[in-house]
Amino acid sequence: MPRLLPVVLPLVLAGTLAACSSTNEDKTAGWSPDKIYAEARDEMNSNAYDKAVPLLEKLEGRAAGTPLAQQAQLEKAYAQYKGGDKAQAVATLDRFMKLHPASPAYDYALYLKGLVNFNDDLGLFSWVSRQDLSERDQRAAKDSFEAFRELSTRFPDSRYTPDARQRMTYIVNSLAQYEVHVARYYFERGAYVAAVSRAQNAIAEYKDVPATEEALYILVRSYDALDMPQLRDDARRVLLASYPQTTLLNQGFRAKSDPWWKLW
C-alpha cells in the first residue's frame, strides 16, 4: 500500500484543485448587466432571495455609475429584507442614501428602511408578559418611525408617504401602549412607584393616543396604593376631564382578550 501513495496523492490533489476551480468559477463572467439583472429578478420572483443577493452585488460592480447600479442596490436591500437579513438591508439602504443623496428613488429608500424596522417586530412586544422587562424591542419601532417621518417631511407628495403616515400613527400608538402595558405589569405586582413612572412617561411622551386613558387610571390606582390622596385626586380629575365616558373607575382594568398591541 505505501508504494501506491506517490500515484494516488497527485490524483487526489488534482481532483481537489479541479473542484476548487469549479467552485470559484464566476458563471456571470460573460454576462451583460441586463442578463445579470434578469437572472436576479427571476430568483427574486421565485423567492430565492439568497441567490438574488450575490447577483445584484455583481450587477452593482458591472454597472457602476449608472442608474442600473442604483436599482441593483435598492433591490439588493429588498432581497436582504425579504430573506430575513434585516441588519444588512438597513446597512445597504444607509449606504445607498449616503452615495446617492439626489437619487429620485431616495423616497423609496426611506420607505423601505421604515418597513424593515416596522416589521421587526412590533407584535413581539407581547414577550413582556413572559420575560423580564427591558426596552430592547422599542429601538426598531423608533428607527422605523424616524425613517417614515423623514420621508413624510422631505417628500410629502411621494406615493409612499400616505402609507408611511398611517404606519407612524400605528407606531406611536404601539409605543404608548407598550409603556402602559409595562406600567400595568408593575402595578399588578405591587411596584407602585415603577408603575407611576411608566404611566407618567406614556402621558408625557405620547399625546392624543388611546393608551392615555389607562395610563391616567394607573396613576389614580398607584397613588391611592401609595397613600398619596392629593396626587390621586389630581389624576382622577384629569382622567374624568379627558375621558368623561371612562368605565375604568367603576369597572377596573379591561380584560386582556386580545394581544395588548392589537389596536384594531
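Computed on the Cα atoms alone, the convex hull of segment 67-111 gives a volume of 57 cubic angstrom per residue. Projecting label points 7 angstrom from Cα along Cα→Cβ for VAL193 and LEU99 puts them 5.3 nm apart.
Output the pairs from LYS86/LYS113; LYS27/LYS82; LYS142/LYS207; LYS113/LYS207; LYS51/LYS98 with a Cα-Cα distance over 21 Å in this structure; if there are none, say none. From LYS86/LYS113; LYS27/LYS82; LYS142/LYS207; LYS113/LYS207; LYS51/LYS98, over 21 Å: LYS27/LYS82; LYS113/LYS207; LYS51/LYS98. With N as its number of residues, segment 134-219 has a Cα radius of gyration that, divided by 2.2 N^0.38 Å, comes to 1.24.
Read-outs throughout are calculated quantities, based only on the coordinates presented, and are distinct from any laboratory measurement. Quick caveat: nothing in here was measured; it's all calculated off a predicted structure. Note: ideal-geometry Cβ built from the backbone for every residue, glycine included; neighbour counts use all protein chains shown.
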